[in-house]
Amino acid sequence: MEFFVTHQAVDHYSGDCSVAFVLKGKSNENRIIQNYLDLHRFEPKLASTLMLGKVEGYKSKRVLVVGLGESPLSQKNYIKALKSLSSAMSVSKVKNVVIPSIEVEDADEAWLQITTARVLKNESYKVKKVGVKEEISDIVLEAVNIYSQNNGASEIQKGVAIANGMALTRELGDLPPNICTPTYIAETAKSLAETYNLECEILEESDMESLGMNSLLSVSKGSIEPGKLISLSYSNAGNEAPIVLVGKGVTFDSGGISLKPGQGMDEMKYDMCGAASVLGAMSAIAEMNLKVNLTVVVPTVENMPAHNASKPGDVVKSMSGQTIEILNTDAEGRLILCDALTYCEKFKPKAVIDIATLTGAVIIALGKHHSGVMSNDQKLADALKSSGLSSLDTVWQLPLDEEYDDLLKSNFADMANIGGREAGTVTAACFLARYAKNYSWAHIDIAGTAWLGGSKKGATGRPVPLLTQYIMDQV
Ligand code: BES
Ligand code: MN
Ligand code: ZN
């Protein structure tokens, strides 16, 4: 699927399909289209569509009418309309299309171009079934032309880069856990490094032992799959301090000895979506050739029960020197992230943001709408909130008071790895905060937003739009 900016009026487009947007209460400027709308009793409800054949005055073979609901058109509603436009085009096997520009509330043309390209490209994502040859249908949407009055630089390629990053994130998430292992994630990072000429370092378990990463290793040791600590660096801003993104990469979370219940356990293959999202963001930024320095760090392990797995009550010493009493082996994300956060200090970061499917509690608190954000730096939290709003990949902030941190007290170590039933998302973040004291840090809990369950089961590609937007906003 390719995207182009066109300056030619939409009705002059002689391809397969032209889109006509209609707002409620406004009749269409084109009288013939309006006649069709009346004939079909078409109500321009948000995201309703009507495919027409040849329309007088339009050079294209067909015209797709898309309802936009009430004016003014909000950013959210524009995206809803785009999604229905995308499915109507795939039902009608449209090969190429022109989309008019439309006024969206609080949005400029750059936003419109990035968003249109990102959403349409992301909608075309298809799950690859293992061992099943992809059906190559000869009728797919090949070209999307986006109309613009202005001659300014096109922002479309940025939207494409974000969608490509999201596709990588979704693919990794959707892969079965017998394929997407820590080794597979490391191979994916290596191939990204090759494509974009990034610096790549992969620490093996023996390297991590030398560094004293006993907390991370305590999770990995119960699995036959060797754990890895991956770092990838993109440098395009001289010797500026880098932004560092850390992604939780548990390729399967059985819970370990604190075994999870069987129902829905397959979804714990998505416990590496933090890792997948930082790789996706890296891919997007590198594809854009943005002038920043970005490093991603991925601790990746499999959490399994085994005779040599960690047991509740075990005490380990993390790389930072702080000791941890492992009261629940299912609170493994923080155990691998804490050593990764200590490791990050070597990059002398401007800011560190970790992204993790960390707690079931965040789904109870925020559902599948906002990701949770917590930070030791209010400016960083505010920046993430604002990037979330403009990319429509939003976060909601939760507190980090010391009263919550007190819940991590242990009689046998510097801290326990769980804080009890209450405020589970916050106590998990308090645990991480103890390892992020030397830099500006934020934690994004994506347990609710990284994938969908049920009949729509699949990775969403979030929070790649948020992370990419945040980095773009720093330039
Ligand atoms: N990966 C899970 C969090 C999770 C659970 C994400 C369900 C999405 C859906 C994490 O490792 C975990 O198991 N967390 C525990 C923490 C508890 C033991 C303190 C949880 O949320 O139950
Ligand atoms: Mn767990
Ligand atoms: Zn987990």
Worksheet item: Is the stretch 241-264 home to any residue that is within 12 Å of ligand 1 (Cβ to nearest atom), assigned by the TED database to the domain that holds THR183, free of Cβ contacts under 8 Å to residues at least 60 places away in the same chain and touching a strand residue (DSSP E or B) at 6+ places or on another chain (Cβ under 9 Å)?
Response: yes
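Mind counting the residues in the stretch 361-370 that are within 11 Å of ligand 1 (Cβ to nearest atom), under 19 Å from PRO399 (Cβ atoms) and open to solvent by 20 Å² or more (accessible area, probe 1.4 Å)?
Let us first name the residues in the stretch 361-370 that are within 11 Å of ligand 1 (Cβ to nearest atom), namely 361-364, 368.
After this cut, where a residue has to be under 19 Å from PRO399 (Cβ atoms) as well, the list is 361-364.
Among the residues that remain, those that are also open to solvent by 20 Å² or more (accessible area, probe 1.4 Å) are: 361, 363-364.
Number satisfying all stated conditions: 3.
Might you let me know whether the stretch 249-260 holds any residue that is open to solvent by 10 Å² or more (accessible area, probe 1.4 Å), in a helix (DSSP H, G or I), touching a helix residue (DSSP H, G or I) at 6+ places or on another chain (Cβ under 8 Å) and aromatic (Phe, Trp, Tyr)? Break it down stepwise before answering.
First, the residues of the stretch 249-260 that are open to solvent by 10 Å² or more (accessible area, probe 1.4 Å): 252, 257-260.
Going one step further and asking which of them are in a helix (DSSP H, G or I), we end up with none.
No, the stretch 249-260 has no match at all.
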Discussion item. Looking at (1) open to solvent by 70 Å² or more (accessible area, probe 1.4 Å); (2) within 18 Å of LYS346 (Cβ to Cβ), which one does ASN197 not meet, given that it meets all the others?
Written reply: (2)
Worksheet item: Does GLY69 satisfy being under 26 Å from GLN8 (Cα atoms), of a type outside the set (A, V, I, L, M) and over 26 Å from the mean Cα position of the chain (by Cα)?
Response: no
Discussion item. Between a residue in the stretch 67-78 that is among the charged types (D, E, K, R) and any residue that is surrounded by 13 or more Cβ atoms within 10 Å (Cβ to Cβ) and in a loop (DSSP other than H, G, I, E, B), which pairs come within a Cβ distance under 8 Å, given they are 6 or more apart or on different chains?
Written reply: GLU70/LEU23; GLU70/LYS24; GLU70/LEU46; LYS76/LEU392
Discussion item. Quick check on the stretch 431-441. Is at least one of its residues within 16 Å of ligand 2 (Cβ to nearest atom), assigned by the TED database to the domain that holds LEU337 and either under 15 Å from VAL395 (Cα atoms) or without any contact (Cβ under 8 Å) to a residue 12 or more places away in the chain (or both)?
Written reply: no
Practice prompt. Residues that are within 16 Å of ligand 1 (Cβ to nearest atom) and assigned by the TED database to the domain that holds THR251: find the strands (runs of 3 or more DSSP E) completely inside the stretch 283-353 holding 3 or more of those.
Written response: 293-303, 323-326
Worksheet item: For MET268, which of the numbered conditions (1) surrounded by fewer than 20 Cβ atoms within 10 Å (Cβ to Cβ); (2) farther than 22 Å from LEU432 by Cβ fails to hold?
Response: (2)
Fill in: Criterion violated by TYR147 - all others in (1) open to solvent by less than 40 Å² (accessible area, probe 1.4 Å); (2) in contact (Cβ under 8 Å) with a residue 40 or more places away in the chain; (3) in contact with a helix residue (DSSP H, G or I) (Cβ under 6 Å, 6 or more places away or on another chain) satisfied
(1)
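Determine which member of the set ALA429, ALA450 is out of contact with any helix residue (DSSP H, G or I) (no Cβ under 6 Å at 6 or more places or on another chain) and closer than 30 Å to ILE324 by Cβ. Don't jump to the end; show me each part of the working.
Numbers: ALA450 fails: out of contact with any helix residue (DSSP H, G or I) (no Cβ under 6 Å at 6 or more places or on another chain).
Being out of contact with any helix residue (DSSP H, G or I) (no Cβ under 6 Å at 6 or more places or on another chain) and closer than 30 Å to ILE324 by Cβ holds for just one of ALA429, ALA450, which is ALA429.
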Item to complete: Being of a type in the set (S, T, N, Q) and under 23 Å from LYS456 (Cβ atoms) narrows it down to one of SER90, SER101, so name that one.
Response: SER90
Discussion item. Checking THR116 against (1) of a type in the set (Ser, Thr, Tyr); (2) in contact with a strand residue (DSSP E or B) (Cβ under 7 Å, 6 or more places away or on another chain); (3) in the same structural domain as VAL296 (by the TED database), only one condition comes out false. Which one?
Written reply: (3)
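Any idea how many residues of the stretch 393-426 are of a type in the set (A, V, I, L, M) and closer than 25 Å to THR460 by Cβ? Show your work before the answer.
Pass one, the stretch 393-426, residues of a type in the set (A, V, I, L, M): 395, 398, 400, 407-408, 413, 415-416, 418, 423, 426.
Remaining after also requiring closer than 25 Å to THR460 by Cβ: 395, 398, 426.
Matching residues across the stretch 393-426 total 3.
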Fill in: Candidate set: the stretch 285-335, residues that are more than 22 Å from GLY420 (Cα to Cα) and of a type in the set (Val, Ile, Thr); chosen: the one surrounded by the fewest Cβ atoms within 10 Å (Cβ to Cβ)
VAL292
Worksheet item: Which residue out of ILE79, ILE114, ILE139, ILE102 is of a type in the set (A, V, I, L, M, F, W, C) and closer than 22 Å to GLU29 by Cα?
Response: ILE102
Practice prompt. State whether the residues of the stretch 79-90 include one that is surrounded by fewer than 19 Cβ atoms within 10 Å (Cβ to Cβ), farther than 26 Å from LEU168 by Cβ and in contact (Cβ under 8 Å) with a residue 40 or more places away in the chain.
Written response: no
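Among the residues in the stretch 159-169, are any open to solvent by 10 Å² or more (accessible area, probe 1.4 Å) and more than 20 Å from GLY274 (Cα to Cα)?
As a first pass, look at the stretch 159-169 and keep what is open to solvent by 10 Å² or more (accessible area, probe 1.4 Å): 160, 164, 167-168.
Narrowing the set further to residues that are more than 20 Å from GLY274 (Cα to Cα) leaves 160.
Yes - at least one qualifying residue is present in the stretch 159-169.
Take the conditions under 24 Å from the mean Cα position of the chain (by Cα) and within 11 Å of ligand 1 (Cβ to nearest atom) and apply them to THR468. Does it pass? Please lay out each step first, then the result.
Details: under 24 Å from the mean Cα position of the chain (by Cα): yes; within 11 Å of ligand 1 (Cβ to nearest atom): no.
Against the criterion (under 24 Å from the mean Cα position of the chain (by Cα) and within 11 Å of ligand 1 (Cβ to nearest atom)), THR468 does not qualify.
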Discussion item. Cβ-Cβ under 6 Å, sequence separation 6+ or interchain: first residue in the stretch 20-43 and closer than 16 Å to GLU56 by Cβ, partner open to solvent by 80 Å² or more (accessible area, probe 1.4 Å) and polar (S, T, N, Q). Which pairs?
Written reply: GLN34/SER27
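The values are calculated or read from the model by the stated rules, or taken from the named source; none is laboratory data. None of the values given here were measured: they were computed from a predicted structure. For neighbour counting, all protein chains shown are included, and Cβ atoms are generated from backbone atoms with ideal geometry for every residue, glycine included. Ligands, DNA and RNA are stripped out before the accessible areas are found, and what is left, the full protein with its side chains, is counted by its heavy atoms. Shrake-Rupley method; radii C 1.70, N 1.55, O 1.52, S 1.80 Å.
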